[in-house]
1. Hey, fewest Cβ within 10 Å first, where do B:Cys46, B:Cys27 land in order?
2. Given +1 on the Cβ of Lys and Arg, -1 on the Cβ of Asp and Glu, and no further charges, what dipole in debye does segment A:1-40 carry about its Cα centre, rounded to the nearest 20?
3. Would you mind working out the magnitude of the charge dipole of chain B relative to its Cα centre, with +1 at each Lys and Arg C-beta and -1 at each Asp and Glu C-beta, to the nearest 20 Debye?
4. Can you sort B:Ser410, B:Ser368 by how many other beta carbons sit within 10 Å, fewest first?
5. Find which of B:Thr339, B:Gln372, B:Ala40 sits farthest along the positive direction of the dipole of chain B, computed with +1 on the beta-carbon of Lys and Arg, -1 on that of Asp and Glu, about the Cα centre.
6. Can you list the HN-Hα couplings for segment B:214-230, worked out from phi with the Karplus curve (6.51, -1.76, 1.60; θ = phi - 60°), rounded to whole Hz and with x for Gly and Pro?
7. Could you work out the relative contact order of segment B:6-228, using alpha carbon pairs under 8 angstrom and six or more residues apart, expressed as a whole percent?
8. Rg and Dmax of chain B, using alpha carbons, in Å: what are they?
Amino acid sequence: MPLPYINIEEIEGSAKLSLSREERQEFSEELLRFAEFANILGEFCDSDPLEIRREDNTLVAREDIPAERHCSAREILGDERVVNGYIRVPLTVEEEQ
Amino acid sequence: MKQTDILELSALLRKKELSAYELTLACIESIEKSEPVVNAFISASCERALERAAACDRKIKHGEPIGLIEGIPFAVKDNICVEGVRTTCGSKMLDDFVSPYTATAVKNLLSEGAILLGKTNMDEFGMGSATDTSCFGATKNPLDTERTAGGSSGGSAAAVASGECVFALGSDTGGSARLPAAFCGLVGIKPTYGSVSRYGLIAFSSSLEQICPLTSSVKDSALIFQILAGKDTHDKTAVGLNSELVIENADIRGMKIGLPLSVLGQALPEVRDCILKTASTLESLGAQVIEVELPSTDMATAAYYVISSAEAASNLARFDGVRYGYAASSVTDIDGLFTVSRVHGFGQEVKRRILLGTYCLSFEGRSSYYKQALNAKRQIEQAFSNIFKECDSVLLPVAPTAAYRFEDKSSQLLDIWRQDGFCAYASLAGLPALTLPMGADGNGMPIGIQLLGKPFSEKTLYKTAYALEETRCKP
């Protein structure tokens, strides 16, 4: 799995912390190293790769799914709906209900 | 004070061959002698302890009903609340926090006549495995003061090992009681999640942690566990499903013990040898040792750090300078109060875990790590569930090494965290895990083994551990 982009300033804001430049550098590196190590979880675990969630009247699903899955959201829903790695499917009125 | 069993001391107290006052005074003398080096205690309440000891003696003298552990001095990890007593969690954040109530576990011990000597040192908020992240300085191992006592309950373990108290309470989230017990040559148990009330335990990772007894023998541990365990209306997860604990004999013939050989490679050769020798001892006692498979220790470690850090980030959000503890001065707005109080109140390890936890709960981290960690937790639970269809317990090391020198502690965070792999299994699966010393390394430091059992099978673990302890005591 590719390493994530970690925005340390955003995280420290959410955590109500304020780091020095040195701390920010140190914690960023540690977070990345841990993220690399914790990728082992993805190797062993059968997570829900589609991770479908609902945003207002739209279903949103990730397109990047592990290879062992039979098919991807992209295959099901088509390339044209992929935006920045996420597939957005507007719901009909019936589906919303 | 020489390490002596609770049962033995209780018998002496009842026969009036020893007074609670003398016993408490002996502990206080040990505290005065050891503390300048060992640093096991954050605060000691010696005068109050002596007053209570005198009251115990009066009860015994007048033939009044007495508790199971009447007159026995004990210590409590400083993340467990006692009314009117400072409770710091080893943190500047709670440096002046005085608890307004008493934890159920402590209340149970006090109602059986135990005497509280004080509160023990710990890694800040339980985050660490060497009791060196405390803002009150590191705790040293009484068996070799150049070495760590383990953590995060290192103060409790060191206090018992140095004779500063007869037993102590610690807490265990990912090995925080088992590791210090193993490093200091004691018996420790992380009970099944739900055996002991967590009411009054300042939360670090609510879904994993339990309050644990640290003692010098298996029978003492069983006695204290029995007093601690039970339902509590203040903690709905404390379900009181344990049967009465009486260790009648050390007969473990026919028991089946699982041995996950594939994960032993993570331990140093002398730890592996200790485990294999223990397996042979179990066989010689009539148990059957069966090879079993477990998910890797790295998987357990990763899942443990993701889940515990996520819960820590959430639990520690309450420490913001408003209601509890340290509050920054000279700030002009509320956001500044929150941030500056937390920046100055928390140490580096706590900040590290909060940042990791916050990331794991962010949109990106939740899907990449948190949900997968929960899946890994379920896989580990399932793996043990399958093993326990065939086995009564599982034998594992507590740590890859015995107690190490402070100067030999790795500078690499992942190397430090990976040492928790063997302990993370029981924490993630909510299983009981008992540790006892079964060997020593080349430096004479104790090596602990741990026995994991089915949920609420503490009785089986104590019986097996007692059988092992009996063999260890023989020449």
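1. B:Cys46, B:Cys27
2. Roughly 100 debye, rounded to the nearest 20.
3. 660 debye
4. Starting with the residue having the fewest Cβ neighbours, the order is B:Ser410, B:Ser368.
5. Positive-most Cα among the choices belongs to B:Gln372.
6. 10, 9, 9, 8, 5, 5, 4, 4, 4, 4, 5, 4, 4, 6, 6, 6, x
7. 20 percent
8. Computed over the Cα atoms of chain B, radius of gyration and Dmax are 21.2, 71 Å.
The numbers here are math on the coordinates, done by the rules we state, and not lab data. Keep in mind the model is a prediction, meaning the values are calculated, not measured. Note that we place each Cβ from the backbone using ideal geometry, even for glycine, and neighbour counts take in every protein chain shown.
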